[in-house]
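Read the figures in this text as sums done on the coordinates, not as results from a lab. Note that the structure is predicted; figures quoted are calculated from it, not measured. Neighbour counts are summed over all protein chains in view; Cβ atoms, including those assigned to glycine, are modelled from backbone coordinates with ideal geometry.
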C-alpha cells in the first residue's frame, strides 16, 4: 500500500503519475486524492502501462461513478504512459489514518468539517474540529 507521505524518485514514471494524481481533487475536500490517501497502489510497466488501485472515502460517495474515470484520464495523460486502468476497491476500508501530513495540515488550516470519516459520533477529530461523516 502506498504511503502518501513518501515521495517517489524524481524523474520516474511513478513520480509523473503521482504528480498527475495530485492534480485530481475530491470535490468535497480541499485535498488531492493522493494526499487524501485514496490511492492504494500504482504500477507502471516498462512499456508504459499504468494501473492504479484506489478507494473512496465511503461506498456511497457521490463521485463513485465519475472519479475513477477522472483518475484514469489524468494518468493516461502522463508522459510515457501508453495506457491507464483504474480499479476501485473497498478493502481495506479508507480511514483518516491514510491522510498525508500535508492533507492533515490543510484540513486543520481550513477548519474543514466535511464528510470524511464516518459519523460524527465516531469522535474523529483533525486539529480541534470534529469531522462529520457522510
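Residues of the range 18-47 with an amide N closer than 14 Å to a point placed 7 Å from the Cα of residue 85 along the Cα-to-Cβ direction: 42-45. The length gained on full extension between residue 64 and residue 28, counted as 0.36 nm times the residue separation minus their Cα-Cα distance, comes to 11.7 nm. I need the shape label for the range 13-99. Rule: rounded when a/c is under 1.5, else prolate if a/b > b/c, else oblate, with a, b, c from the alpha carbon gyration tensor. Prolate, because a/c is 1.5 or more and a/b exceeds b/c. Averaging the sequence gap over all C-alpha pairs within less than 8 Å and six or more residues apart, then dividing by the number of residues, gives the range 13-99 a relative contact order of 32 percent.
Cα centroids of the range 82-106 and the range 1-42: 8 Å apart. Maximal additional length on extending the residue 53-residue 19 stretch stands at 10.6 nm, based on 0.36 nm per residue less the C-alpha distance.
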